[in-house]
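Here, each number is a calculation from the coordinates, and none is a lab measurement. Remember, it's a predicted structure, so these values are computed and weren't measured experimentally. When we count neighbours, we look across all protein chains shown, and the Cβ atoms used for this are built from the backbone with ideal geometry, even at glycine.
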Amino acid sequence: MIDPRLLRDDPDAVRTSLRRRGESPDKVDALVAADAARRSAIAQFEALRAEQKQIGRQVAQASGDEKTALLERTKALSAQVKEADAEQARASEEFDGLLRSLPNLVAPEAPEGGEDDFTVLDVVGTPRDFAAEGFTPRDHLEIGQLLGAIDIERGAKVSGSRFYYLTGVGAMLELALVQLAMSTAQKWGFTPMIPPALVRSRAMEGTGFLGQAADDVYHLEKDDLYLVGTSEVPLAAYHSDEILDASSLPRRYAAFSPCYRREAGSHGKDTRGIFRVHWFDKVEMFTYTTLEESYAEHERLLGWEREWLDALELPYRVIDVATGDLGSSAIRKFDCEAWVPTQERYREVSSTSNCTEYQARRLDIRVRGTASDGGGSTGPAATLNGTLCAMTRTIVALFENGQQADGSVALPKALHPFLGPVLKPVA
RNA sequence: GGAGAUGUCGCAUAGUGGCCUAGUGCGCCCGCCUGCUAAGCGGGUUGAGGUUUAAACCUCUCGCGGGUUCAAAUCCCGCCAUCUCCGCCA
């Protein structure tokens, strides 16, 4: 959530941000009113409570008629305090609920508009000219079947649509990517992590996934646990309710985990192969830092994502995602999109978001000793996340871009130590 | 899954209904003293919220949430976590 003080000091900034996201700014008025109601309820409760405590101390020392009289007064007061406390709690809860439903402010630099209004920041590499090479490219599923790497029919038989088995070299390719990604991230200074993929609602809500994205989340009702759609969730919640020493920042974690997504609302989209699935594995980067440092860290995360794609020798472009297409936690988001030859377009393979203090406020993650005030006080941390390697989409890109006329796939040098230079059709 | 125990300030502990405005020790911070170091002496040291120009004051916070009571760290109920034992299990 955003800084509640901003609602009092500069509500127009909040309205402007909502408008830029394509949302109605109306709820700002309700928030300002709820804030005023909350504060007045708190003041009322505290005044009554102070009186109750004062008289309570007198009761302990009094005796006889004096005590009876005091008890008379404080008995009535007790009911009033209880009532005021309930009202204060109700008003605070209402304000908190409204505040949590508000998305993060958007960065002024983020381009305004919807899904198609992104800005292209860079284009790297050149898509191959298959016509010049004299053959028509096969799509990733066809290649995966030739290599014995992907079994989509049995995935559907066992688990339904959008499920798959990685088999043979497919399974080994994923493990190679995981191993390479984790060790590379460790070299960059990230702490390797394998986090839980089932989390409580606190973690899910705190990272901002139970708002507009709630339909995309799997929920295990019997246990009230959620399957994470990204390890951003357990990584953000890792330090919840903690105060981090400023000198320990930035803290960088790289996590390998499965990711589960209901893909509600994407019926009929990307139905072929393993491009859009209900489950995939991913290595995710995550940083805890300060607000001031978050902007530079966002650029660094993008830099590492690019370095990874460079190492995989994939052609890609980088886009600055438009305000209307940002998640509720993010103020700005950069996507890396790899070229997919059979679709003749760039498709998202990684994404990095600066969530500033939004998640940290919800999860109560604070920093002690920020530079701005000599080191004594605490303030919310800033969190950022970025994909290092989403397995299925990376496999799609590697297969399609590396394919050769005979159905084999030439691998980037970085993967040679694991799998050799070429994956060959099985039969 | 069953039985039992435990949860107090960074750490260790005291606290069995009003003297708790949570004490003490350690650690940490500031100062004094001191050839140096150590010791010693004095003060400070959970976090959040509210009133406010400020200073200051007030409220909440003893794992979390309810309840009893004029009054709860303390009594009752539920939950969470940890530990020990039994069962099951990769």
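General remarks:
- Relative compactness, region A:140-190, computed as alpha-carbon Rg over 2.2 N^0.38 Å: 1.43
- Extent of region A:118-220 along its three principal axes (Cα atoms, max minus min coordinate, largest first): 55, 40, 32 Å.
- Charge dipole (chain A, unit charges on Cβ, about Cα centre) - positive-most of A:190, A:48, A:353: A:48
- In order along region A:353-363, the Karplus-derived 3J(HN,Hα) couplings, from 6.51 cos²θ - 1.76 cosθ + 1.60 at θ = phi - 60°, round to 10, 9, 9, 6, 8, 4, 6, 5, 5, 5, 9 Hz, and Gly and Pro are given as x.
- Relative packing of peptides A:246-258, A:26-38 - highest average C-beta neighbours within 10 Å first: A:246-258, A:26-38
- Largest first and in whole Å, the equivalent-ellipsoid semi-axes of region A:4-100 read 43, 10, 7, each the square root of five times a Cα gyration tensor eigenvalue.
- Available extension along the chain between residue A:240 and residue A:49 is 65.7 nm, counting 0.36 nm per residue and deducting the alpha carbon span.
- For chain A, the Stokes-Einstein estimate of translational diffusion at 25 °C and a viscosity of 0.890 mPa s comes to 101 µm²/s, using the Kirkwood hydrodynamic radius over alpha-carbon pairs.
- Sites residue A:345 and residue A:73 - FRET efficiency at Förster radius 60 Å, r taken between beta-carbons, to 0.05: 0.20
- Modelled this way, with points 7 Å down the Cα-to-C-beta line, the labels at residue A:158 and residue A:57 are 7.0 nm from one another.
- Span from the region A:379-427 Cα centroid across to the region A:246-325 one, whole angstrom: 15 Å
- Ordering of A:260-268, A:136-144 by packing is A:136-144, A:260-268, highest average first (other Cβ atoms within 10 Å, averaged per residue).
- Between region A:110-142 and region A:143-207, the alpha-carbon center distance in angstrom: 24 Å
- Cα coordinate range in region A:326-397, projected on the principal axes (Å, largest first): 57, 20, 19
- Here is the size of region A:253-311 from its Cα atoms: Rg then Dmax, 15.4, 43 Å.
- Segment residue A:120-residue A:9, length gained on full extension (0.36 nm per residue, minus Cα span): 36.5 nm
- Dipole magnitude for region A:119-423: about 380 debye, using +1 per Lys or Arg Cβ and -1 per Asp or Glu Cβ, origin at the Cα centre.
- Karplus-derived HN-Hα couplings along region A:161-169 (A = 6.51, B = -1.76, C = 1.60, θ = phi - 60°), whole Hz, x at Gly and Pro: 5, 6, 10, 7, 10, 8, 10, x, 5
- Square roots of five times the Cα gyration tensor eigenvalues for region A:273-410, Å: 36, 14, 12
- Relative packing of A:411-419, A:331-339, A:319-327, which averages over residues the other C-beta atoms within 10 Å, highest first: A:331-339, A:319-327, A:411-419
- Coupling constants for region A:190-203 follow from the phi torsions by the Karplus curve (6.51 cos²θ - 1.76 cosθ + 1.60, θ = phi - 60°), and in residue order they are 7, 8, x, 9, 10, x, x, 9, 10, 9, 7, 4, 3, 5 Hz; glycine and proline get x.
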